[in-house]
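Report on one structure; see the data block that follows.
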Amino acid sequence: MIYGMYLSAQGADANSVRLDVLSNNMANANTTSFKRDVPIFRMNPPFDEQQGGLSAPLPGDLENHTGGISLETIRTDFEPGSFITTDGDLDLAIQGQGFFQVGSSQDSFLTRNGSLSIDPDGLLVTADQGLPVLSVDEKEIEIPNGTTRIEFSTDGVLTPFDANGQSLGSIAQVAVVMPSSLDELVKNGNGLYSTEGRISGVNDSVSIKQGTLEASGTNSIEEMMELVTTSRMFESNINMIKLQDDSLGRLLQSMPRR
């Protein structure tokens, strides 16, 4: 079999994965606090070298060829996105590294999406999934009856106000946490992450900004350019496979038959 056909097939497979990742990033260009994924590939050594080499030199320049590329991993870029001003009382953004903790103390998730709402039971929850937002002591936050306005301090302390503008007292502090390593986070969809590792509170350099949401980490223009380039690379690899297959077919047909 033609060696280059295997290399072209690996290139097509790698670019197919890259197309899937880029397409997902593009589809979430307007998703609040979305974090783009980045595929990481590795270059493989030649198969014969990997298996211990041959006793005789390889013909031609095959010794200078690689063993193709394959997917190493897909990493998430957690670089904070830009801010979108909404002026909503229940729209929060984290300035710096950190995540809101939502769910329950036994089954919690991390998210950068600070679009919140109040459910019929008076609990502060995520607007999209309805998951309770946890406080620093890992408890659900219940909003008092008669609350018409809510203020959040930069460190997440929640203070409700009644219709007369009177403060009902600070009732909780929203938890902002960090995992021991960002590499431990697993995407669960809808902007939620889980981890089996330890999580802890953030330092004082991280703050909460009310009336603001974090935009998607996807740059539509850059992502589209990469998508076009990758599509062309995929097409080139497919064409190379066809070309080499046709060349092999013509070679076999030209051989004398007995």
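The values are calculated or read from the model by the stated rules, or taken from the named source; none is laboratory data. Since the model is a prediction, treat every value here as computed from it, not as a measurement. Here Cβ is always computed from backbone atoms with ideal geometry, including for glycine, and neighbour counts include all displayed protein chains. With ligands, DNA and RNA removed, areas are computed over all heavy atoms of the protein, side chains included. Shrake-Rupley method; radii C 1.70, N 1.55, O 1.52, S 1.80 Å.
Here are a few things to note about the model shown:
- Cβ crowding within 10 Å averaged over residues, with 72-79, 88-95 ranked highest first: 88-95, 72-79
- Take every Cα pair under 8 Å whose residues are at least 6 apart in sequence, average their separation, divide by the length of segment 169-258, and the relative contact order is 18 percent.
- Rg over Rh, two decimals, the chain (C-alpha only, Kirkwood Rh): 1.21
- Net dipole in debye of segment 105-197 [+1 Lys, Arg Cβ; -1 Asp, Glu Cβ; about Cα centre; nearest 20]: 260 debye
- Calculated diffusion of segment 103-200, Stokes-Einstein form, Kirkwood radius summed over Cα pairs, 4 °C and 1.567 mPa s, µm²/s: 90 µm²/s
- Relative contact order, percent, the chain [alpha-carbon distance under 8 Å, six or more residues apart]: 27 percent
- Summed residue charge, Cβ within 14 Å of ARG36's Cβ, Lys/Arg positive, Asp/Glu negative: -3
- Distance between modelled label sites at TYR6 and VAL136, nm, 7 Å Cα→Cβ extension: 6.0 nm
- Ellipticity estimate at 222 nm from DSSP helix runs (n ≥ 4, -39,500 (n - 2.57)) divided over the chain, nearest 500: -8500 deg cm²/dmol
- Derived scalar couplings ³J(HN,Hα) [segment 179-193; Karplus, 6.51 cos²θ - 1.76 cosθ + 1.60; whole Hz; x for Gly, Pro]: x, 5, 8, 5, 5, 7, 6, 10, 6, 10, x, 6, x, 9, 10
- Residues with amide H under 5 Å from that of GLY67, placed H, sequence gap 5 or more: ASN44
- Estimated distance in nm for a label pair at ILE84 and SER205, the labels positioned 7 Å out from Cα along Cα-to-Cβ: 2.8 nm
- Cβ-placed point charges (K, R +1; D, E -1), dipole of the chain about Cα centre in debye, nearest 20: 1080 debye
- Under a 5 Å amide H cut-off, with hydrogens placed 1.01 Å from N, ALA172 pairs with LEU158 among residues at least 5 apart or on other chains.
- Solvent-accessible area per residue for segment 102-211 (1.4 angstrom probe, square angstrom): 52 Å²
- Taking 0.36 nm per residue of sequence separation and removing the Cα-Cα distance, the LEU248/SER16 pair yields an extension gain of 81.0 nm.
- Subtracting the Cα-Cα distance of ASP107 and ILE69 from their residue separation scaled by 0.36 nm leaves 9.8 nm.
- Fully extending the segment from LEU168 to MET233 would add 17.3 nm, taking 0.36 nm per residue of separation and subtracting the current Cα-Cα distance.
- With kT/(6 pi eta Rh) evaluated at 10 °C and eta = 1.306 mPa s, and Rh the Kirkwood radius from Cα pairs, segment 144-257 diffuses with a coefficient of 77 µm²/s according to Stokes-Einstein.
- Furthest towards positive pole of dipole, LEU185, LEU168, GLY130, structure part segment 105-258, Cβ charges: LEU185
- Per atom type, segment 115-189 shows carbon and sulfur on 44% of its accessible surface, probed at 1.4 Å.
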